[in-house]
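The values are calculated or read from the model by the stated rules, or taken from the named source; none is laboratory data. All values reported here derive from a predicted model rather than from experimental measurement. Counting neighbours? That spans all protein chains shown, and the Cβs are built from the backbone with ideal geometry, glycine included. Surface accessibility is based on the protein's heavy atoms, side chains included, excluding ligands, DNA and RNA. Shrake-Rupley method; radii C 1.70, N 1.55, O 1.52, S 1.80 Å.
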Amino acid sequence: MKKYEEMSREELLKEKAELEARFKEIKEMGLNLNMARGKPEPAQLDMTMDMFDLVNKDTVLEGEDGTDLRNYGVLTGLPEARKLMSEVLECEPDEVIIGGNASLNLMFDCVSRAMSLGVLGGTPWSQVPDRKWLCPVPGYDRHFAITELFGFEMINIPMKEDGPDMDMVEKLVSEDPSIKGIWCVPKYANPTGTTYSDEVVKRFAALKPAASDFRIFWDNAYAVHDLDVEDPDVLLPLLPESKKNGTEDMVYMFTSTSKITFAGAGISAMGASKANIDSIKAQLTIQTIGYNKINQYMHVKYLKDREGVKAHMAKHAAMLKPKFLATDSILREEIAPLGIGKWTLPKGGYFICFYALNGCAKRIVALAKEAGVTLTGAGAPFPYKKDPDDCVIRIAPSYPSVEEMRQATEIFACCVKLASVEKFLAE
């Protein structure tokens, strides 16, 4: 099979005609397939339904310390919930605050409070007119939406095979006190699937920012979300590493059970130094009276500890991995021989990152939508939704069934081919 770049104009025109005929057939099927967001499929959610059997009207809703779970109190979370989530975050229980169902909410609140009140006595970020934020790209669109909302100038940091370009990160944060933070998804990054190497983690822990209130937003959303359970990626814990350098105040860590138990009814957690925890707790005392302790109780009783979490996640992996492999198999067969794209096959997480030919991502996403396949918008993995090369497309294999994922990927491949042929013919 010839690569497109090796074909003559006549051969490309013939290929285009065949692809357009196939595309017309696909449109006439009237499909509605969705690969846009990393949602668990219903069967994954069904796996956790027996958690509700742990609580009924006869249950003594009392925490290990005697707390009445039905009443006010315990602002930072049940001690047993803090212990459970500290095992996921790999820090100490007293370095954890338990939140509601979404870690994104905790991240938003941290930025919002820093805007209004500052960080550990520093100047409120709202009073820094040229405030900036570092954004590893491709990255998570909802992260970028937060810092865009609060008026930060977002600076792209290229992702390498082992994590963000640390030469660039170190240089920028050491020289510019208006840089207040960096977004990080350190394990199975959204959307590339990259896990930061030990060297990258150590360099983060050793950063010497010009701003004393610079914060690493370490969103470890996929900390336990291994697909390859026999040979998972291993991430060096950041907070313990930071303590070796005396930089622990620089670290904010986040995670949740959103893709462990229920996406809309899990628990979230933030990990940080004692100084940060004490400061945030003082502000939370005014912000809220506390989060849902009954839900925290159910999660602890159900998951028990890190080994319990690991066993539960192996069930998720058994459902998810075939979808990733099916997607990879079709792309290998349909796209690889033509030289018109490359993609990631991570050992965990929820996404495959596809790199089309430059200038083709928007066209591919538009064609897919026309054919009945919804993808995340082209440009979404970049600040301001601006992909400088218009080439990155995030694929989320989790929600469709394996067969739906095969069908969606075959249609996606047709769209990639058609957009690529159009590009070569236009040159």
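A few comments on the model shown:
- Residues within region 368-402 that are assigned to a loop (DSSP other than H, G, I, E, B), under 17 Å from residue 412 (Cβ atoms) and not small (Gly, Ala, Ser), tallied: 7
- Taking region 87-112 as the range and being open to solvent by less than 30 Å² (accessible area, probe 1.4 Å) and either in contact with a Gly (Cβ under 7 Å, 6 or more places away or on another chain) or charged (D, E, K, R) (or both) as the test, the residues that pass are 89, 91, 95, 96, 97, 98, 106, 109.
- Flag for residue 282 being among the aliphatic types (A, V, I, L, M), within 13 Å of residue 99 (Cα to Cα), open to solvent by 10 Å² or more (accessible area, probe 1.4 Å) and modelled with pLDDT of 95 or more: no
- From 297, 291, residue being out of contact with any Lys or Arg (no Cβ under 8 Å at 6 or more places or on another chain), open to solvent by 40 Å² or more (accessible area, probe 1.4 Å) and under 30 Å from residue 110 (Cβ atoms): 291
- Members of region 160-176 that are open to solvent by 10 Å² or more (accessible area, probe 1.4 Å) and either assigned to a loop (DSSP other than H, G, I, E, B) or on the phi > 0 side of the Ramachandran plot (or both): 161, 162, 165, 176
- First in region 128-142 and open to solvent by 50 Å² or more (accessible area, probe 1.4 Å), second anywhere and hydroxyl-bearing (Ser, Thr, Tyr) and part of a loop (DSSP other than H, G, I, E, B), Cβ under 6 Å, 6 or more apart: 130/178
- Near pairs, Cβ below 9 angstrom, 6+ apart or cross-chain, from region 401-413 (under 8 Å from residue 330 (Cα atoms) and β-branched (Val, Ile, Thr)) to any residue that is open to solvent by less than 50 Å² (accessible area, probe 1.4 Å) and modelled with pLDDT under 95: 409/35
- Answer from 396, 336, 368, 408 - the residue that is surrounded by 20 or more Cβ atoms within 10 Å (Cβ to Cβ) and more than 22 Å from residue 43 (Cβ to Cβ): 368
- Exactly one residue out of 59, 48 is at pLDDT 95 or above, under 27 Å from the mean Cα position of the chain (by Cα) and hydroxyl-bearing (Ser, Thr, Tyr): that is 48.
- Remark: residue 242 matches the filter, which requires a residue to be touching a strand residue (DSSP E or B) at 6+ places or on another chain (Cβ under 6 Å), buried (at least 22 other Cβ atoms within 10 Å of the Cβ), more than 20 Å from residue 190 (Cβ to Cβ) and of a type in the set (S, T, N, Q).
- Test: residue in region 178-194 that is surrounded by fewer than 23 Cβ atoms within 10 Å (Cβ to Cβ) and more than 13 Å from the chain's Cα centre (by Cα): yes
- Near pairs, Cβ below 9 angstrom, 6+ apart or cross-chain, from region 279-292 (under 10 Å from residue 113 (Cβ atoms) and outside any helix (DSSP H, G or I)) to any residue that is at pLDDT 95 or above and not hydrophobic (A, V, I, L, M, F, W, C): none
- Out of 34, 56, one residue alone is touching a strand residue (DSSP E or B) at 6+ places or on another chain (Cβ under 7 Å) and surrounded by fewer than 17 Cβ atoms within 10 Å (Cβ to Cβ). It is 34.
- Exactly one residue out of 310, 362, 347, 342 is open to solvent by 20 Å² or more (accessible area, probe 1.4 Å), more than 19 Å from residue 34 (Cβ to Cβ), in contact with a Gly (Cβ under 8 Å, 6 or more places away or on another chain) and basic (Lys, Arg), and it is 347.
- When residues in region 177-198 are screened for being part of a loop (DSSP other than H, G, I, E, B) and not small (Gly, Ala, Ser), 11 of them pass.
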